[in-house]
Amino acid sequence: MKPYFPPPRARVRYHLTAEPALDSDGPWSPYHPGISMRVLCGEASGPCVALLRYAAGGAMPRHIHLGDEHVFVLEGKSADDNGECGPGDYLFNPAGSSRRVRSREGCLLLIHRLGPVRFLADGEIPGKGSDQFRVRTLLEGPESGNPAWTELRPGVRIRTLYRGGPGEYHAALLHYLPGTRIDRHEHVDMEHIFILAGTQRDEHGSYGTGTYIHNPAGTSHEVRSDHGCLAYAHWHAPVRFSAPAGG
Ligand SMILES: [Fe+2]
């Protein structure tokens, strides 16, 4: 199966306000007039995890997503054909959908693309597209009573955002109550984590709001949250849990 991303070189951790801890794909680069991009993983012209910074008045012309795209609004407000989004809002733009994006006041977006985008010529008809799906992640946690949340481990709840078939990726929100954990597991394929709120830690470090963690295939860890957190997780194969000690 063709990998969605180039093979990772190392575990990668980024914090939005700090320099990358271990690895770097380079600084911000121009993407469109008024929009700059910082690639965290992958390629700007293909599948990638990246930050997009819109200056006030920045606008992205109409484009088609050739692969699925997951978007989180981290700061400011962005607007597209379906209306305006603010901090904590999550958008799923399925492959085949098209949109135009603009930001009156400026914004910072985390984007996770499974394929490139193609910009449309003036007047080009976008063709058939699937609907966009939205979640207001910071307002729709387990306490909201939304039945989409189910218990994964004691005190850790999961809300599936995208459930791929065999060989496909999955995307979900994970909500940890204070003092909870996910047992040691191995990543059979790569895993991307983005901390939306709170803090979690593993044996490699502690990750606060705004941290992106790339766990390459073959790595393992045990994840704990002392004070609770909300995280976005995107994985390409089910993880393999270690046998309990003595088991
Ligand atoms: Fe993991």
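Restricting to segment 177-205, what's the tally of residues that are in contact (Cβ under 8 Å) with a residue 24 or more places away in the chain, within 11 Å of the ligand (Cβ to nearest atom) and not in a loop (DSSP other than H, G, I, E, B)? Result for segment 177-205: 9. Residue pairs whose Cβ atoms lie under 7 Å apart, separated by 6 or more positions or on different chains, with the first residue in segment 32-50 and free of Cβ contacts under 8 Å to residues at least 24 places away in the same chain and the second buried (at least 17 other Cβ atoms within 10 Å of the Cβ) and part of a loop (DSSP other than H, G, I, E, B), are VAL39/ASP25.
Only one entry in LEU230, LEU161, LEU196, LEU177 is of a type outside the set (Val, Ile, Thr) and touching a Cys at 6+ places or on another chain (Cβ under 9 Å), namely LEU196.
Report yes if VAL135 is within 13 Å of the ligand (Cβ to nearest atom) and either surrounded by fewer than 20 Cβ atoms within 10 Å (Cβ to Cβ) or in a helix (DSSP H, G or I) (or both), otherwise no.
Numbers: within 13 Å of the ligand (Cβ to nearest atom): no; either surrounded by fewer than 20 Cβ atoms within 10 Å (Cβ to Cβ) or in a helix (DSSP H, G or I) (or both): yes.
The answer is no for VAL135.
Tallying residues that are surrounded by 12 or more Cβ atoms within 10 Å (Cβ to Cβ), out of contact with any Phe, Trp or Tyr (no Cβ under 7 Å at 6 or more places or on another chain) and small (Gly, Ala, Ser) within segment 103-132 yields 3. Which condition from (1) within 14 Å of the ligand (Cβ to nearest atom); (2) modelled with pLDDT under 85 is the one that PRO166 breaks? Failed condition: (1). A search for C-beta distances below 7 Å between a residue of segment 154-165 that is outside the structural domain of ILE182 (by TED's automatic domain parsing) and any residue that is in a strand (DSSP E or B) and among the basic types (Lys, Arg), counting only pairs 6+ apart in sequence or on different chains, returns nothing.
Scanning segment 206-247 for residues that are away from the ligand (no atom under 16 Å from the Cβ), over 22 Å from LEU108 (Cα atoms) and touching a Ser or Thr at 6+ places or on another chain (Cβ under 9 Å) turns up ASP226, HIS227, GLY228. Working only within segment 212-236, note down all residues that are over 11 Å from the mean Cα position of the chain (by Cα) and of a type outside the set (Gly, Ala, Ser). Hits for segment 212-236 are ASN215, PRO216, THR219, HIS221, GLU222, VAL223, ARG224, ASP226, HIS227, CYS229, LEU230, HIS236. Check segment 141-155 and report whether any residue there is within 12 Å of the ligand (Cβ to nearest atom), under 17 Å from the mean Cα position of the chain (by Cα) and closer than 24 Å to ASP89 by Cα. Scanning segment 141-155 turns up no residue that is within 12 Å of the ligand (Cβ to nearest atom), under 17 Å from the mean Cα position of the chain (by Cα) and closer than 24 Å to ASP89 by Cα.
Tell me, which strands (runs of 3 or more DSSP E) wholly within segment 22-102 include 1 or more residues that are polar (S, T, N, Q)? If you could, list the steps in order and put the result at the bottom.
Details: elements: 29-32, 35-42, 48-54, 59-65, 69-76, 78-80, 83-85, 89-93, 98-102.
Correct list: 29-32, 35-42, 78-80, 89-93, 98-102.
The values are calculated or read from the model by the stated rules, or taken from the named source; none is laboratory data. Computed from a predicted model, the values in this text were never measured in an experiment. A quick note on method: Cβ atoms are made from the backbone with ideal geometry, for glycine too, and the neighbour counts reach across all protein chains shown.
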